[in-house]
Amino acid sequence: MSATPPRPTVLVTGAATGIGRATARLFAERGARVFGTSRQARPADAGVEMLVLDVRSARSVRDCVDAVVTRCGQLDVLVNNAGASCEGFAEETSPAAAEAVFDTNFFGAVRVTHAVLPGMRARRRGRIVNVGSLAGWIGEPGEGFYAASKAALARYTEALRHEVWHLGISVSLVEPAAFRTEFLREPGDAAGTIADYDGPRESARRTLHESLRRGGDPRAVAELISAVVAARKPRGRYGVGRGSFWVPRARTLLPQRLFDDLLRRGYRLPR
């Protein structure tokens, strides 16, 4: 009689709501031992063990990963999903607010990845999925620093993928479009708004919020992440949701002037 394969151990950051919660629950449904994280202590959720983690803190990251390894002996899958946003035009957003977005969306993923890689290297296996955004393909008006942080995550993911491939570790990027989540788009930390931007800012804001209201079920993103982890040879980059097919192709194939015109029209900005 063949031995039953051990349950994989999965860590999903930012699992209190939205895409992270749907992903953690799906892995638990499919038999994995799943640890989700949030900044505040939370009870177990649908088979998901919840841990406190602030990805902005190196010590918090270390403590969280150590807790998983202590309980399970190893970590097989990491899903870097924790994210933050900062809504507002670039000049109206303070450098401190912009840094805070990068500290969570980019450096947060880097911190957690650095904490899990030694164990994965030692075993010569592991799966890492970074949750980016379709916004990483464009300079999204009204969320420029969010888009920039996701673009940085895409380049980091690509480089890391090539660096660890020979060690049996796969690294992939999943880029969702707009989905119905509780992801808050908080106003930028600025001394005040600038009148010159009043009209375009409101147009961009309405476009962003309408996209979220019309967005798909986060379960679709969770299903894709699960498929990436299960794939024998996962690709480096995946899109999911409305626009995930045509936006990257338009970005790379259309003349810049035409793409700019389409973007301004889509966000109802002066053309």
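The values are calculated or read from the model by the stated rules, or taken from the named source; none is laboratory data. Here the structure is a predicted model, which means the values were calculated and not measured. FYI the Cβ positions are ideal-geometry reconstructions off the backbone, even for glycines, and counts take in every protein chain you see. For the accessible areas, the whole protein counts, side chains as well, though only heavy atoms, and no ligand, DNA or RNA atoms are used. Shrake-Rupley method; radii C 1.70, N 1.55, O 1.52, S 1.80 Å.
Observations, loosely collected:
- The accessible-area ordering, largest first, of the residues HIS166, HIS209 stands as HIS166, HIS209, per a 1.4 angstrom probe.
- With semi-axes defined as the square roots of five times the eigenvalues of the C-alpha gyration tensor, the equivalent ellipsoid of the range 37-101 measures 30, 13, 10 Å, largest first.
- Sorting CYS72, CYS64 by accessible area puts them as CYS72, CYS64; the probe is 1.4 Å, largest comes first, and only protein heavy atoms count.
- Extension gain for the segment PHE245 to GLU210, taken as residue separation times 0.36 nm less the Cα-Cα distance, is 10.6 nm to one decimal.
- Helix content alone sets the calculated 222 nm mean residue ellipticity of the chain: runs of n ≥ 4 DSSP H residues at -39500 (n - 2.57) each, divided across all residues, give -14500 deg cm²/dmol.
- Computed from point charges on the beta carbon alone (+1 for Lys and Arg, -1 for Asp and Glu), the dipole magnitude for the chain about its Cα centre is near 1240 Debye.
- Assuming charge only on the beta carbon of Lys and Arg (+1) and of Asp and Glu (-1), the dipole of the range 1-141 about its Cα centre is about 980 debye to the nearest 20.
- Packing around the peptides 236-244, 250-258, 263-271, taken as the average count of other Cβ atoms within 10 Å per residue, puts them in this order, highest first: 236-244, 263-271, 250-258.
- Given charges at Cβ of Lys, Arg, Asp, Glu: the chain dipole, positive-most of VAL61, PRO95, GLY144: VAL61
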